[in-house]
Amino acid sequence: MEEQYYCPDCGNKLEVLAGCGSVSYFCNTCKLIISRKRIMTEAQLTEKISKMVIEELK
Ligand SMILES: [Zn+2]
């Protein structure tokens, strides 16, 4: 199964746009192309969310 990537800004699933030998990741919520360096895997997203929750509890 192909790995799913998530937007670092809003956490929504990214659409994979493949073309001309390169792959782009597009967030339908932010209406932005997300650079490959910024995309998040499910594990990274989960980690980010749990950090945010801890911050809010402080
Ligand atoms: Zn987004």
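The values are calculated or read from the model by the stated rules, or taken from the named source; none is laboratory data. These figures come from a predicted structure and were not determined experimentally. We place every Cβ from the backbone using ideal geometry, glycine too, and count neighbours over all the protein chains shown.
For region 11-39, give me each residue that is charged (D, E, K, R) and closer than 25 Å to LYS51 by Cβ.
Of everything in region 11-39, those that are charged (D, E, K, R) and closer than 25 Å to LYS51 by Cβ turn out to be LYS13, ARG36, LYS37, ARG38.
Restricting to region 39-49, what's the tally of residues that are farther than 14 Å from VAL16 by Cα and surrounded by 11 or more Cβ atoms within 10 Å (Cβ to Cβ)?
To start, the set of residues in region 39-49 that are farther than 14 Å from VAL16 by Cα comprises 42-49.
Checking which are surrounded by 11 or more Cβ atoms within 10 Å (Cβ to Cβ) leaves us with 42, 44-49.
Residues that pass the stated criteria total 7.
Residue check: is VAL16 modelled with pLDDT under 95, within 15 Å of the ligand (Cβ to nearest atom) and of a type in the set (A, V, I, L, M, F, W, C)? Write out each step before concluding.
On the way: modelled with pLDDT under 95: yes; within 15 Å of the ligand (Cβ to nearest atom): yes; of a type in the set (A, V, I, L, M, F, W, C): yes.
So VAL16 passes the test.
May I ask you to list pairs of residues, at least six apart or on different chains, whose Cβ atoms are under 6 Å apart, with the first in region 1-12 being modelled with pLDDT of 95 or more and the second being assigned to a loop (DSSP other than H, G, I, E, B) and surrounded by 15 or more Cβ atoms within 10 Å (Cβ to Cβ)?
From residues that are modelled with pLDDT of 95 or more, the pairs are TYR5/ILE39.
Only one of THR46, THR29 is among the hydroxyl-bearing types (Ser, Thr, Tyr) and within 16 Å of the ligand (Cβ to nearest atom); which?
Criteria check complete, one pass: THR29.
Which of the residues belonging to region 11-58 are assigned to a strand (DSSP E or B) and under 10 Å from the mean Cα position of the chain (by Cα)? So that I can check it myself, show each step before the final result.
So in region 11-58, the residues assigned to a strand (DSSP E or B) come out as 13-19, 22-27, 32-34, 40-41.
Result: LYS13, LEU14, GLU15, TYR25, PHE26, CYS27, ILE34, MET40, THR41.
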